[in-house]
Each structure stands twice: as structure tokens, then as C-alpha cells.
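What follows draws every value from the coordinates through simple rules; no lab data is involved. Everything numeric in this text was worked out from a predicted model, so none of it was measured.
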Amino acid sequence: MNSVASWLDPRPLLRDRRKSNRFPVHQELQYRVLNHGADKSEGVGQTVDMSSSGILFATQEKIPLRRKMEVSVCWPARLDGTCPLKLIAVGWVVRSEGRLTALRIERHEFRIRGSGLKTSLPVVTPS
């Protein structure tokens with residue numbers, strides 16, 4: 001017999017509705033809010049999991065829903081085995097719970113990782 005608590009748990013429903021499989025990818029990222037007037041917040045974090053349509057990541061601060069953001073993720077693979085890459089993704093915050101933020105990707109591209117990324121980012125772990 002199912003308990004009422006299991007009926008209220010949204011996680012199984014969210015998993016069933018996902019269009020893409022998520023993969024555990026733990027990489028440093030930088031983010032910035034693009035669309036909220038004077039709120040030009042930016043910061044660093046770490047990915048928790050990723051798919052072709054979204055990224056779940058942890059940050060030091062809570063990011064409000066419906067914010068358009070750009071994230072830059074240190075990509076774990078290298079171009080031709082030597083050149084470091086980063087994934088640049090733009091999308092909308094569709095879920096925000098504590099320090100975890102889910103971004104639905106609208107568009108993305110890969111770039112060569114240059115000196116624009118900080119080399120010593122603070123470690124952020126999901127709680």
C-alpha cells in the first residue's frame with residue numbers, strides 16, 4: 001500500500017517527464033543572470049548532472065525561478081586530446097531548491113577554454 005508521502009514526492013514524476021537521460025557530470029561552472037534588470041548576479045558552482053536538454057548544478061546562493069542564465073562548464077573531454085573545452089549554455093531556471101538549480105537549455109555551443117575561466121574556483125557540493 002502506498003503512503004500519502006510517496007504520492008506527494010514529485011521526483012518520480014519529474015524523472016518520467018524528462019525527454020533526455022541525465023548523466024552524473026561533476027565539473028566546475030561559472031554562471032551569470034542575463035534578464036533581470038539590476039540583478040546581474042554571477043558566481044561559480046559545480047554541475048550535479050547533465051543531459052542534452054538541461055543542467056542541474058549547485059551554487060553558494062539560491063537562484064530564483066524564471067531567470068535567464070548563461071553557464072560556462074569546464075568540459076571533461078579535450079579537443080584532439082589536448083585542447084581544453086568549455087560548454088556555454090543559455091537557458092531558463094525551471095527549478096530552484098536550496099543551493100540546487102535546474103536550467104533548461106535553450107541553446108549551447110562548445111568553445112576552446114581560454115584564460116577567461118578562473119583557475120581556482122571554490123568547491124561547491126550539493127547539500
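Quick rundown of the values:
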{"item": "Tail beyond 18 Å, pair distance distribution of region 55-114 (Cα, percent)", "result": "39 percent"}
{"item": "For S41, residues with placed amide H under 5 Å, excluding near neighbours", "result": "V33"}
{"item": "Full-extension gain in nm, R66 to H26, via 0.36 nm per residue minus C-alpha separation", "result": "12.0 nm"}
